[in-house]
Amino acid sequence: MKLFTLLASFMYLIAAVSLVVLSLSIMVWSVYDAMLAIKGISSPVNKLLESVGAIIISIAVLDVAKYLVEEEVLKSKELRSPSEARRMITKIFVIISIAVGMEGLVYIFKTGNQDVTLLIYPAILIVLSSLTIVCLGIFQKMSVAVEEIDTKEKG
């Protein structure tokens, strides 16, 4: 069992390092792309918005890599408590929600300049991002209540 745990931790580490490399590559490429757009004669706003969106996604990917290293490589898997799991789930969903909301904003600016009828799609992204936060709040309230009941039963 110890060998399997060690192998699993090593695989998580490889996945996390791969995500970090990809995330940093996206960031560097986005900044390079933005610089080329700024040097261009035409309006660079669309290219800059694409770069913003790509950087936001790369930050979310970087945070997932950080989670993998912190939770799956460095921490002992047996020491997890329900409150610890709740905090990690909350952290991941906040990151996802922020990334989706920012992508929605970026696409609102992009489509607003092209075709107003396409604004429904980024608006849906923003609504879903908000709905994710509301659902996360409900999850938090319910899980804290369950933890309190569990604590009272044990104590």
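Checking each residue in the stretch 49-74 for being at pLDDT 85 or above, open to solvent by 30 Å² or more (accessible area, probe 1.4 Å), farther than 13 Å from residue 99 by Cα and among the hydrophobic types (A, V, I, L, M, F, W, C) picks out only 69.
Among the numbered conditions (1) farther than 23 Å from residue 21 by Cα; (2) surrounded by fewer than 17 Cβ atoms within 10 Å (Cβ to Cβ); (3) out of contact with any Asp or Glu (no Cβ under 8 Å at 6 or more places or on another chain); (4) not acidic (Asp, Glu), the only one that residue 82 does not meet is (3). So, in the stretch 95-136, of the ones that are open to solvent by less than 60 Å² (accessible area, probe 1.4 Å) and β-branched (Val, Ile, Thr), which residue ends up farthest from residue 50 (Cα to Cα)? The extreme case among them is 132.
Mind listing just one residue for me: the one in the stretch 137-155 that is open to solvent by 70 Å² or more (accessible area, probe 1.4 Å) and either outside any helix (DSSP H, G or I) or closer than 19 Å to residue 88 by Cα (or both) and, of those, modelled with the highest pLDDT?
Filtering first and then ranking leaves 138.
Can you pull out every residue in the stretch 16-48 that is at pLDDT below 90 and of a type in the set (Ser, Thr, Tyr)? The answer is 42, 43.
Residues in the stretch 1-25 that are open to solvent by 90 Å² or more (accessible area, probe 1.4 Å) and over 30 Å from residue 51 (Cα atoms): 1, 2, 3, 4, 6, 7, 10, 11.
The values are calculated or read from the model by the stated rules, or taken from the named source; none is laboratory data. A quick note: this is a predicted structure, and the numbers were derived from the prediction, not measured. A quick note on method: Cβ atoms are made from the backbone with ideal geometry, for glycine too, and the neighbour counts reach across all protein chains shown. When the accessible area is computed, the model is the full protein with side chains, heavy atoms only, and any ligands, DNA or RNA have been set aside. Shrake-Rupley method; radii C 1.70, N 1.55, O 1.52, S 1.80 Å.
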